[in-house]
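Asks: Here's a structure for you.
The values are calculated or read from the model by the stated rules, or taken from the named source; none is laboratory data. Quick caveat, the model's predicted, so the values are computed rather than measured. All Cβ positions, glycine included, derive from the backbone under ideal geometry; neighbour counts span all protein chains shown.
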Amino acid sequence: MSEFIEANLDTLYTLAEKRAESYLRTAETQIDSIFGDGYAKAHPELMAAFMKTASDEFTRTATAKVLQNIGYALDAMAVALRGRG
């Protein structure tokens, strides 16, 4: 069954803020774990690149999910139309 976005714009905005904060915290933790404590704060450009990568990946996977659902819907329509003939 398809998943529908039922949240209003205010809810989506709040979720976006939380996701951005999560990316930021994760970026700092991951970067510092690789390069040492304080490295992330000293290199904000690396933090920004991490956050952009995480955001892009989420966008790609969310888009793929939507396209997959469209494909399933089209398949179901094709089956129904074949059954009418």
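Asks: When you look at Glu28, is it within 20 Å of the chain's Cα centre (by Cα), of a type outside the set (Gly, Ala, Ser), surrounded by 13 or more Cβ atoms within 10 Å (Cβ to Cβ) and in a helix (DSSP H, G or I), yes or no?
Replies: Criteria met by Glu28.
Asks: Which residue pairs have Cβ atoms closer than 7 Å, lie 6 or more positions apart in sequence or on different chains, and pair a first residue in region 41-61 that is farther than 14 Å from Ala16 by Cα and assigned to a helix (DSSP H, G or I) with a second residue that is modelled with pLDDT of 95 or more and charged (D, E, K, R)?
Replies: Here the result reads Met47/Glu28, each pair linking region 41-61 to a residue that is modelled with pLDDT of 95 or more and charged (D, E, K, R).
Asks: Residue by residue through region 5-45, note down the ones that are over 28 Å from Lys65 (Cα atoms) and in contact with a helix residue (DSSP H, G or I) (Cβ under 6 Å, 6 or more places away or on another chain).
Replies: Glu28, Ile31, Asp32, Tyr39, Ala40
Asks: Would you say Lys18 is within 18 Å of the chain's Cα centre (by Cα) and part of a helix (DSSP H, G or I)?
Replies: Against the criterion (within 18 Å of the chain's Cα centre (by Cα) and part of a helix (DSSP H, G or I)), Lys18 qualifies.
Asks: In addition: Just to be sure I understand, how many residues within region 1-31 are under 21 Å from Thr53 (Cα atoms), among the hydroxyl-bearing types (Ser, Thr, Tyr) and without any contact (Cβ under 8 Å) to a residue 24 or more places away in the chain?
Replies: Selection size over region 1-31: 4.
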